[in-house]
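Here's the structure, in C-alpha cells; my notes come after.
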Amino acid sequence: MKCMYCGYDDSKVIDSRSADDNRTIRRRRECLQCGKRFTTYETIEMTPVLVIKANGNRQQYDPQKIKTAIIKACTKRPISMEKIDSIVETINKQVYNTMEQEISSKDIGEMVMKALKETDDVAYVRFASVYREFKDIASFMDELQSMLETKK
C-alpha cells in the first residue's frame, strides 16, 4: 500500500480489525520508509447487477423492491419480518451468485414465487396473481388447482 505521506510503495500492517458489521476490514499501517502511520479500509466490491424488465428496459437491481413486494403479499399473514428478511437475503445471494451482470425480472420473480410457495400459500397466490398477471378467474383457478395437486 502506497504511503499517503511520502509516496513509498511498501508498508506493514500493524493492526487489523473488523468494521461495519464484518463487511469491512480496518487496517493500521506503518510506512517502511518514513515510519508514519495511516489507516486503510478493505471492503468487498459489489459489481452492479442490472435487471432486464419485461419491456426490455434495464435498471439497477434493488433488493428493497423485492422486500416491498413480499411485504405486500404477506399482509395480514402470520409471517414475521425476520422471515421476510431471510427470504430477501436468500434471493439476494441467488442473484449475486449467478455471477452475471444482468438478470431478467422473470428469473427474480420465479425466485420470489418459489420462496413464498414454501412459506405461505396465501402469500404465494397473492404474489402470483400480480406477477403472472392473471387475466380472469379461470387462469387464477388453474393456478390454485395446480397448487392443490402439488399438495396431494
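Read the figures in this text as sums done on the coordinates, not as results from a lab. Just so it is clear, the model here is predicted, and its values are computed rather than measured. With ideal geometry, Cβ positions are generated from the backbone for all residues, glycine too; neighbour counts draw on all protein chains shown.
A few remarks follow.
- Less than 5 angstrom separates the built amide H of S104 from those of I52, all sequence-distant by 5 or more or on a different chain.
- Listed peptides 64-70, 112-118 by packing density, highest first (mean Cβ within 10 Å): 112-118, 64-70
- In the chain, helices alone account for a calculated mean residue ellipticity at 222 nm of -14500 deg cm²/dmol, with every DSSP H run of four or more residues adding -39,500 (n - 2.57).
- Distance between the stretch 114-134 and the stretch 81-96 - C-alpha centres, whole angstrom: 16 Å
- Residue of N22, N92, N57 that the Gaussian network model of the chain assigns the largest fluctuation, springs spanning Cα pairs under 10 Å: N22
- Share antiparallel - DSSP beta bridges, the chain, percent rounded to 5: 85 percent
- For the chain, a Gaussian network of Cα nodes joined below 10 Å ranks I71, I84, I25 by mean-square fluctuation, and the top entry is I25.
- Anisotropy class assigned to the stretch 98-137 is oblate, per the alpha carbon gyration tensor with a/c at or over the 1.5 cut-off and a/b no larger than b/c.
- Cysteines without a disulfide-compatible neighbour (Cβ-Cβ under 4.7 Å), the chain: C74
- Given K65/K117; K83/K151; K93/K151; K2/K67; K65/K135, the pairs whose alpha carbons are separated by over 30 Å: K2/K67
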